[in-house]
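Throughout, read-outs are computed from the coordinates displayed, never taken from laboratory work. The structure displayed is predicted, hence computed values, not measured ones. Note that each Cβ is placed from the backbone with ideal geometry, even for glycine, and that neighbours are counted across all protein chains shown.
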Amino acid sequence: MATHTPPLKVWIWVACIFLAIQGIVYLLFTNMQKHEPYLVENPFDDQIEQIRGAFEQNESAFKVVIIGSSFVAHGVACPTEIQALFPDKNIQLHKIWNFGNPLQDLIEQRNLIELLLELKPDLVCIQTAAAVLTVYYDKKEIPLAHPTVEWIKNLAATNRLISRRIAFQMKQTNFQKEGCYPRGIDERKRLDTLNFIPRRKSILKREELEVVFQGLGQLQAAGIELTLVDMPNPQQVQESTAQKKLETAYAPLLHTYEQELGMEHWVYTGQALHFRDFIDARHLHKSGRIPYTKWLLKKIEQKIKN
């Protein structure tokens, strides 16, 4: 029996249709980037203005700022969410976050220390990872695949993002105004999975942090208390050998923070969180964000009492 092979014209039409679909996908993704600030920019100025306004409205509250990466952006509840869940707590908890290496970048590039001295919070919490780790972004540091392979991988990732947003009705959000997180993120399907690729990290050296230590010293001199605070991992990650090795590797730098600045280190001891409590393997979902924020508020209350 003869095998029928589609003529070349059919294959050309298939290729053209495929490329047209991918062109639409690319345009949709580009449009999303323009309209969803979470994907393209860090609304730093909005964060500062929000904090300034909130502090002025309620001067009697204990004022706390937590500084960190997108883990903090997703992992700590917004002020409105805190007010709704914990109306009896006279604590203002606000977050200042940035992608990548937030502590160094915000201090060196965005005058964070001067702004904090102006805002005068009672306590500044700093994400532990932001204080001890650096994330690589220089492509020379990262072995890349062939450009064609990278293009295909990026296209596949874009398709996954588009389909995920369509499937779970990702909605527009007031993310930029509140400096919080896209509400649509909480509509994503919750999965127990380890389908992620961690970025390359290295432990910072004390000599690389001179500006950071000087700035934190200025905050302390102004009467602002400082502490390092962990963002939680899924229990499966937290118990892994790799995580234990990482914590052992940066322990000496944590000791330096304690020795030179007297900073406490708050290790997360709240309820165990699993992959279903995370958007991916690191960023908290609402089901993880609420218990983490509850634990953090308890630590702050203990700090106030002491």
With a ≥ b ≥ c from the Cα gyration tensor eigenvalues, square-rooted, and the rule rounded for a/c under 1.5, otherwise prolate when a/b > b/c and oblate otherwise, region 209-306 is oblate
Karplus-derived HN-Hα couplings along region 60-68 (A = 6.51, B = -1.76, C = 1.60, θ = phi - 60°), whole Hz, x at Gly and Pro: 7, 6, 6, 9, 10, 10, 10, 10, x
Give the long-range amide H neighbours of Ile67: residues separated by 5 or more places, or on another chain, with amide H under 5 Å away, using H modelled in the peptide plane at 1.01 Å from N. Ile96, Cys125, Ile126, Gln127
Cα-projected label distance for Lys244 with Ala272, points at 7 Å along beta-carbon direction, nm: 1.6
Each residue of region 277-282 in turn: what ³J(HN,Hα) in whole Hz from Karplus with 6.51, -1.76, 1.60 and θ = phi - 60°, glycine and Pro shown as x? 8, 10, 5, 10, 7, 9
Collect residues whose amide H, placed 1.01 Å from N in the peptide plane, falls under 5 Å from the amide H of Leu204; neighbours closer than 5 in sequence don't count. Leu133, Thr134
Along the Cα→Cβ direction, 7 angstrom out, place labels at Ile24 and Gln220. What is the inter-label distance in nm? 6.0
Go through Thr256, Thr227, Gly288 and say which Cα lies farthest out towards the positive end of the charge dipole of region 214-306; charges sit on Cβ, +1 for Lys and Arg, -1 for Asp and Glu. Gly288
